[in-house]
Every structure is written in structure tokens, then in C-alpha cells.
1. Considering segment 219-228 alone, what residues qualify as being more than 16 Å from ligand 1 (Cβ to nearest atom) and either within 25 Å of the chain's Cα centre (by Cα) or part of a strand (DSSP E or B) (or both)?
2. If only one of 167, 191, 243, 209 is within 15 Å of ligand 1 (Cβ to nearest atom) and within 23 Å of residue 107 (Cα to Cα), which one is it?
3. Which count do you get for residues in segment 56-97 that are within 16 Å of ligand 2 (Cβ to nearest atom) and over 19 Å from the mean Cα position of the chain (by Cα)?
4. For residue 122, indicate whether it is more than 18 Å from residue 67 (Cβ to Cβ), more than 24 Å from the chain's Cα centre (by Cα) and not assigned by TED's automatic domain parsing to the domain that holds residue 218.
5. Which of the residues that make up segment 166-218 are closer than 21 Å to residue 287 by Cβ and over 21 Å from the mean Cα position of the chain (by Cα)?
6. Restricting to segment 323-351, give me the number of residues that are farther than 21 Å from residue 378 by Cα and crowded, with 23+ Cβ neighbours inside 10 Å.
7. Identify the residue in segment 98-110 that is in contact with a helix residue (DSSP H, G or I) (Cβ under 7 Å, 6 or more places away or on another chain) and under 15 Å from residue 123 (Cβ atoms) and, among all such residues, is farthest from ligand 2 (Cβ to nearest atom).
8. What do you reckon, is residue 201 buried (at least 20 other Cβ atoms within 10 Å of the Cβ), within 12 Å of ligand 1 (Cβ to nearest atom) and not in a helix (DSSP H, G or I)?
Ligand code: B12
Ligand code: SF4
């Protein structure tokens, strides 16, 4: 085959503080490329290692470089890297959620040649086969490119492929690099996988609305189990983390996979899925943690704004049923949704306390609303004064965890709430888990009166919590303080 030696570098970046979860997108793409006779190389780097990439690329000399870009944090690094590699004469393609949601803005940049919209296996293979034959690009569904005269062209989307045709070839990568600890490091050898893509629901902030057109597709249980079993055995995997958007759309299939793999596992679910039978099935299949989208404590926000299709009653029921089940529940909270009022923010904080009172083994991921292009709430945010960045690198500011995050779509003074909410929620969870009454009382008062002034308690406890959690700390004093805290907690538990 004429195209056989073409080489493709697949680059993905992550922040320094995230564990090296498998770069699954790159692994699926590399598998498709290899099956078609091409030579893929995955380059997966931490933010602080980006400087190493140019040398690796110069050594590999790919015919095409693919970048995998999400909305927000790290966008500037991708822009700088693409610019630098383009100046060395390489062809650059952007894929993944952000590129798919904003293909025109991406292609306006001189240093980006192609955008691949949505799932990438088939499009990338067709592109590599046709590299350089500009007249053929118009026939490649889901491709964005520049015509000979420089005009931007975006082709129609393709229909979704059969996921079983895409199964990962694990021999392609050094699996050991992607085995990470999870669940408070209890499972040291955890492997992340996806069993399905997309989600049929209609949450108005979710990238799925555009990226997957609300279409859910999945690996069959038998094929996925057969694909993973040898990897699990060879690498002595202790637990599995499912990164599916919605693992339990077909519960029978999901539990068949969990049963077949027969390992402790972690997955996402919607709160209304939880009933007695669901909890019993989770237990029977060794589920250790289930992650939900709680989103908000306001019924108006859930129903009218997000169109989540769940209520706070469903959330409370799910958390209640999971209490004492041995399965940890965690939930994502989105503050600052367009039109959210101060009272609705407070309702969310109060729901968090209520949930902790029911089940003290809960964890929360809290962040402020991030307007993903193309979603319903992106349009709503624009109506309310949000001006989307015109330049690609300016999306970088959209980091929903920044302490100085700005939101034109919210009409109350949220400055202190942005600064302290995450810490307060983390501390509340700690106060309930470890039963620290004084911390509970102070924080509850703060939440009730929405008072974040003089945050000395928040500051102090947050420092202590960080020290307590910082297991890899080498410093003697820090280790000592950590030991003292653990000792006090143990004494309290004995008492
Ligand atoms: C694991 C994960 C992470 C991991 C890293 C993942 C990695 N290395 O790829 C960590 C924890 C580091 C992470 C961080 C963040 N994440 Co994240 N993450 C996920 C998660 C749960 C799974 C990703 C995955 O493996 N999917 C499975 C694979 C097979 O699909 P895929 O990655 O989409 O890849 C396919 C296509 O996108 C496409 N493709 C992807 N890359 C490329 C590149 C080229 C060249 C081509 C041709 C095609 C292509 O082809 C692939 C195969 O079909 C997704 C949700 C989800 N279920 O997808 C969120 C998700 C991707 N993350 C998201 C976000 C926003 C972030 C953060 C920005 C969080 C934040 N601060 O707000 C950070 C930013 C990190 C960064 N690198 O920029 C959003 C993206 C939405 C958006 N509009 O961009 C998602 C969709 C979550 C959500 N529901 O909102 N994340
Ligand atoms: S249920 Fe989750 S994955 Fe599905 S649309 Fe809603 S937020 Fe997105």
C-alpha cells in the first residue's frame, strides 16, 4: 500500500496535578491508524513537560500531528505548541470536544490545517490516506479544512461507527504507564476505560448535545470483556474506572460488563437510576464508588435551566439508598448557571448539607458553570451579556475552578462565593466524614447566612486538610502534623 509508512503523532496534555489516566482518545485513534497500516505515536505530557514535545516530534518526523483539545484550561498551551510545530513545517489537526464545538474559530488560525469533528477513528484514517490531495478533502465526512484559496470548509458530520470495530489494541501502548492509584489510593493499580460514548439526555450545559448529537453507542459486553481480560491478567489490574459519559444507559449491559470483569469498579450514573434493585446490583458487581450529577439544589435551575430531568427528591433518594451500602457516592455541583440567583446558590449549599446529614460518606466536585459552545446554556449566557472569546487562546481563562472566575450571566455579587465555595464544600464533607462538630457548626452558619467574610477558619482548616491529604509529602514538619492529625482522628474514633 502506497500510504503504509505515513506517521501520525497524537498529542494530549494534562495539568501537573492530574494523575495519568489513560489517554483513551489517543489509544482508540492509534488503534485505527495501525489497523490501516499507518505508524502512530502517542505523546501524552504534563503541562510542565510540554517543552519536551518539539524534540520528540523532530525525532519522529510525523506526516501529521493531531492535538486533542478540551474547552478551557490548557488551550493556550495547545495554541503555542501548534504554532511552534507549524513553524517547523508540520501539518496540524485539532480534534476532541473544543475543536468539534468551534471548528471555524479553530481553522481561522494559520497554524491549524484540519479539524476533526466528533469521534475521530474513521475521519482521521481517511484524512491520512488522502493527505496532500486537497480535492479529495470535500469527500471526508466530519472534516474541517482549508480550500486551496484559503476558504474554510466544514463537511457534513458522518454517522457514528460501530464501537466494537474500534476496540483498543492494548499492545500499542505501555499499559504500565497508565495504571494509576484511585479511591484514596486504596486501589493502586486502577485502569480507566470507556464502554460507551455519548448520552441520550438533554442537559443544557453538556457537550454531548453537540458532540454526540445525544446518540449513545456502546461496546457489546462480550467483546469488551474479551478485549480487557488479557490486559487485566497481564498487568494485575486491581480496579476499573469507567469514564463513560453515561455508563448505565443500558443497565443490563453495564452490569454484565462489571460481572464479567469481576473487579472493584467506579462509574457515573444519573440519580433517578437508583432504586433498591440498582443498589443491590451495584453491590453484587463490586461497585465501590458511583458519581452523579447533582448539579443544583434549586428545582427551577434543574428543571427550567438545565433541563436535567431529575429533581432534588431523586438526589436525596439516591444518597439515602446508598447510605451504609459500602458504596461511596460522589456528586458534581455546578454553581453559577445562567440566571442563578443568590438564593438559588444558597439552596445548593443547603442541599449539600442535607445530603451530608443523610450520608456522611459523600464527596463533591464543585465548579462554576463553563459555557461550552453550541449548548443551550451557551446561547443563554450570550443573551445575558457573555461575550465568547474571539481568539482561540483566550478560551484558556475558562477554568471553572479559578478563584477569580468571571460570569456575565449571573446577576449577584458572587466574588467571595467563587473564592470560597469549593473549600467550604470540601471542608463540610470532611467535617461530616470525620464528625468534627465545631467545623460543622461554623461552616453551617456561614452557609446559612452566606457569609464569607473573615475566612480565617476556612483558611486554617483548608491548610490542615491539604497537609492531611498530602500523602507524598517529604517535609518532616508536614509529616509530623499529618501524623498528629491522623492520631487525633483515630483517638476520637475509638472514643
Ligand atoms: C478522562 C477525562 C479527563 C482526563 C484526561 C483525559 C485525556 N487524557 O484524554 C483529565 C482528568 C486530565 C481531564 C481534564 C479535563 N477535562 Co476532561 N474528561 C475526561 C473524560 C471523563 C473521559 C475522556 C475519554 O477518555 N473519553 C473517551 C475517548 C475514547 O473519547 P475522546 O477523548 O472524546 O476521543 C475521541 C474524540 O474526541 C476524537 N478525538 C479526541 N482527540 C482527538 C485528536 C485528534 C487529532 C483527532 C483526529 C480526534 C480526536 O477521537 C477520539 C476517538 O473517537 C471526558 C468525558 C468523556 N466521557 O469523554 C471528560 C471531558 C473530555 N473533559 C472535559 C473538560 C472540560 C476537562 C477540563 C478542561 C476540566 C476543567 N478544568 O474544567 C480538564 C482539561 C484538561 C486538558 N487536557 O485540557 C469535558 C470537555 C468538554 C469540552 N467542551 O471541552 C469533558 C467532555 C467532560 C464533560 N462532560 O464536560 N479530563
Ligand atoms: S446526563 Fe450527564 S452526560 Fe448525559 S446529557 Fe446530562 S450531563 Fe451530559
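The values are calculated or read from the model by the stated rules, or taken from the named source; none is laboratory data. It should be emphasised that the depicted structure is a prediction, and the values quoted were computed from it without experimental measurement. Cβ: placed from backbone, ideal geometry, glycine included. Neighbour counts: every protein chain shown.
1. Listed by number, the residues that qualify are 220, 221, 225.
2. 209
3. Count: 0.
4. no
5. Within segment 166-218, 186 is the sole residue that qualifies.
6. Taking segment 323-351 first, the residues farther than 21 Å from residue 378 by Cα are 323-331, 343, 346-351.
Next, from what is left, pick out any that are crowded, with 23+ Cβ neighbours inside 10 Å: 329, 348-349.
The total comes to 3.
7. Applying the filter and picking the extreme gives 106.
8. On the way: buried (at least 20 other Cβ atoms within 10 Å of the Cβ): no; within 12 Å of ligand 1 (Cβ to nearest atom): yes; not in a helix (DSSP H, G or I): yes.
Against the criterion (buried (at least 20 other Cβ atoms within 10 Å of the Cβ), within 12 Å of ligand 1 (Cβ to nearest atom) and not in a helix (DSSP H, G or I)), residue 201 does not qualify.
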